[in-house]
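Scroll down for the structure; my scribbles are underneath it.
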Amino acid sequence: MLSARLYLAQRISALVMAPLVLGHLAVTIVAVRGGLDAAEILGRTRGSLLWGGFYGLFVLAVSVHAAIGLRAIVAEHLGLRGRGLDIFTWATMAGLLLTGGRAVAAVVL
Amino acid sequence: MQKETPLLEVAIWRGSPTGGAFTTYSVPRQDSQTVLDVVSWVQRNRAPDLAYRFACRVGMCGSCAMTVNGRPRWTCRTHVEKVANAGRLEIAPLRNLPVVRDLVADLDPFFDKWQTAEARFAPTRTRAEEPERIVPDSPERSAANAAIECINCAVCYAACDAVALNPAYLGPAALNRAWTLQNDSRDGARAERLKAVAGDGGCGNCHSQQGCAAHCPNGLNPTASIAGLKRMAARALLKGRL
């Protein structure tokens, strides 16, 4: 159900996420305390390779990490196994990538 | 006037693979009485058809494990005074294994998983050759020594929630044994074994809850062994060897 390959993917995605979470919290605090409004935030993010890369990587790491974590929960607590479990994992990852990717595109493009 | 012998209230699970229930017996309390003494007393004095398993009675053979007041324990070394709850014991077969009858659990799935994990020594020399020299305090030998005293009692397997939730999971005992062999320089099947323990039912399924370590009667820490296998598998994966 959770091979070493998936285990490693989850650990690496966690490793990637840890500094990004801290970075995101810092950005949130700066934006809120600095009193930036939506237009000012978008002014900084639109066309920015840095913010696109930062949040794009964040979405990718979250999609991998959450899909594998939910895979374990669904297998253990709902008894889903085999092909159904694989489909669930890929669908979760694709869904998170799609919705997260749309959000990143909305502030960067 | 003679003092009355205090009595223990002992509920023992009686049944078969199709189902069963607890039957309560009154057992005379004695000093230094073990849970296995209690079960033996019931079998000899109240229920001759009671099925249970034991052999050495000194904590070496690993055959007398049962669930005592909700926890898996080796019954021959478990004193009643340490586990009785208000003079009451509840004794059942081990969790996570099929029941044969009464207190006897079927250990086939447990040992089948040892085979699936390739948790058996693969010698690289014949008896005609010189024995290999092992440096006793090398890091590998120290890691193997820390996990070697397993008596195959299946207490850790019964204590493991990951096994309960995922019957395909190899479990702490098989993986702990695999870890000792992965650290044995005499073993010739380490690459194959690593593949076996890194698969779908392998070490990646351990949630590090440490139920195995909390219940192991020999004080081993299978969680640490499994963490070692995870590290070993991750390194092999990153180097393209898995």
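Computed over the alpha-carbon pairs of the stretch B:99-238, the distance histogram in 5 Å steps reads 2, 10, 20, 22, 20, 12, 7, 4, 2, 0 percent, short to long.
Judged by the mean number of other Cβ atoms found within 10 Å, the most tightly packed of the peptides B:110-118, A:27-35, B:123-131 leads the ranking B:110-118, A:27-35, B:123-131. By the helix-only formula, in which each DSSP H run with n ≥ 4 contributes -39500 (n - 2.57) and the sum is divided by residues, chain B has a 222 nm mean residue ellipticity of -9500 deg cm²/dmol. Over all projection directions, the Cα-based convex hull of the protein assembly as shown averages an area of 27.5 nm². The helix-based estimate of mean residue ellipticity at 222 nm for chain A, built from -39,500 (n - 2.57) per DSSP H run of four or more residues and divided by its residue count, is -30500 deg cm²/dmol to the nearest 500.
For the stretch B:161-242, trypsin sites (Lys or Arg not before Pro) meeting the loop criterion (DSSP other than H, G, I, E, B) and having at most 14 other Cβ atoms within 10 Å: B:R186, B:K239, B:R241. Give the Debye-formula value of log10 I(q)/I(0) at each listed q (0.12, 0.17 Å⁻¹), with one equal scatterer per alpha carbon of the stretch B:7-98, two decimals each. The Debye formula, applied to the Cα set alone, gives -0.32, -0.67.
Here the convex hull built on the C-alpha positions of the stretch A:4-108 has a volume of 109 cubic angstrom per residue.
Projecting the Cα atoms of B:A236, B:P72, B:N152 onto the dipole axis of the protein assembly as shown, where Lys and Arg carry +1 and Asp and Glu carry -1 at the beta carbon, places B:A236 farthest toward the positive end. For B:K82, a cut-off of 25 angstrom between C-alpha atoms picks up these lysines, skipping any fewer than 8 places away in its own chain: B:K3.
Under the rule a/c < 1.5 gives rounded, and otherwise a/b versus b/c splits prolate from oblate, where does chain B land using the Cα gyration tensor? Since a/c reaches 1.5 and a/b is larger than b/c, the shape of chain B is classed as prolate.
Charged side chains reduced to their Cβ positions (Lys and Arg at +1, Asp and Glu at -1) give the protein assembly as shown a dipole of some 460 debye around its Cα centre.
When the Cα positions of A:G43, B:V99, A:G101 are compared along the charge dipole of the protein assembly as shown, A:G43 comes out farthest toward the positive end, with charges on each C-beta of Lys, Arg, Asp and Glu.
Axis of helix B:222-238 versus longest Cα principal axis of chain B: the two differ by about 20°, to the nearest ten degrees. Give the relative contact order (percent, whole number) for chain B; include only Cα pairs under 8 Å separated by 6+ residues. Contact order relative to length: 17 percent. Note on B:K195: lysines with a C-alpha under 20 Å away, same-chain residues under 8 apart excluded, are B:K113, B:K230, B:K239. Taking Lys and Arg as +1 and Asp and Glu as -1, the other residues whose beta-carbon sits under 15 Å from that of A:F54 total +2. GNM, chain B, Cα, under 10 Å: largest mean-square fluctuation among B:A178, B:A86, B:A224? Highest fluctuation of the listed residues: B:A86.
Throughout, read-outs are computed from the coordinates displayed, never taken from laboratory work. Here the structure is a predicted model, which is why all the values come from computation and not from measurement. As a convention, Cβ positions derive from the backbone with ideal geometry for all residues, glycine included, and neighbour counts pool all protein chains shown.
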